[in-house]
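Student: What follows is a structure written as structure tokens; I'll ask about it next.
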Amino acid sequence: MTLNATVGDDTWATVERLKGWLDAEDNATPQQARLLRLLKVQEEVGEVAQAAMGAANANPRKGNSHTWEDVQHELCDVMLSSMVALLTLTPDAAKVFQERLDAVAERSLT
């Protein structure tokens, strides 16, 4: 499998712009923003579960309510929310993410 896109400077620049927008638009203190952005990740994970259950027709009450494309979108929302949360915790989010990715790859792929 080959990935055509990488999480690079452009991606993190966009995440920084989104974080800036959130900082300007919400009424949270910095401490509240950290907590709320971590909770947002959990909310998005729940939406992945809901979409996956809907795509798998696993809820008799709702039936086939989602597609696997919906699941993909919800997973992207988890990733984006996580990136914003990480950037809220540290201005070095891109470096922290890359270091963690490298560590997991080293541990798992060697």
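The values are calculated or read from the model by the stated rules, or taken from the named source; none is laboratory data. What you see is a predicted model, and the numbers here were worked out from it, not measured in a lab. All Cβ positions, even for glycine, are placed from backbone atoms using ideal geometry, and neighbour counts span all protein chains on display.
Student: Report whether or not E44 is within 15 Å of the chain's Cα centre (by Cα) and at pLDDT 95 or above. Outline the logic, then answer.
Tutor: Working: within 15 Å of the chain's Cα centre (by Cα): yes; at pLDDT 95 or above: yes.
When the stated conditions are applied, E44 passes them.
Student: If you don't mind, another one. Check the stretch 31-41 and report whether any residue there is part of a loop (DSSP other than H, G, I, E, B) and modelled with pLDDT of 95 or more. Give the steps one after another, and end with the answer.
Tutor: Of all residues in the stretch 31-41, those part of a loop (DSSP other than H, G, I, E, B) come to none.
Checked the stretch 31-41: no residue is part of a loop (DSSP other than H, G, I, E, B) and modelled with pLDDT of 95 or more.
Student: For residues that are among the small types (G, A, S) and part of a loop (DSSP other than H, G, I, E, B), scanning just the stretch 54-110, find the one that is surrounded by the fewest Cβ atoms within 10 Å (Cβ to Cβ). Give the derivation first.
Tutor: Quick first cut of the stretch 54-110, residues among the small types (G, A, S) only: 54-56, 58, 63, 65, 81-82, 85, 93-94, 103, 105, 108.
Keeping just the survivors that are part of a loop (DSSP other than H, G, I, E, B) gives 56, 58, 63, 65.
Details: A56: 12, A58: 13, G63: 10, S65: 15.
Only one residue tops the list, namely G63.
Student: If I ask for residues that are of a type in the set (S, T, Y) and without any contact (Cβ under 8 Å) to a residue 60 or more places away in the chain, which ones from the stretch 60-110 would you list? Walk me through it before giving the result.
Tutor: Let us first name the residues in the stretch 60-110 that are of a type in the set (S, T, Y), namely 65, 67, 81-82, 88, 90, 108, 110.
Once the filter is applied, which keeps residues that are of a type in the set (S, T, Y) and without any contact (Cβ under 8 Å) to a residue 60 or more places away in the chain, the stretch 60-110 yields S65, T67, S81, S82, T90, S108, T110.
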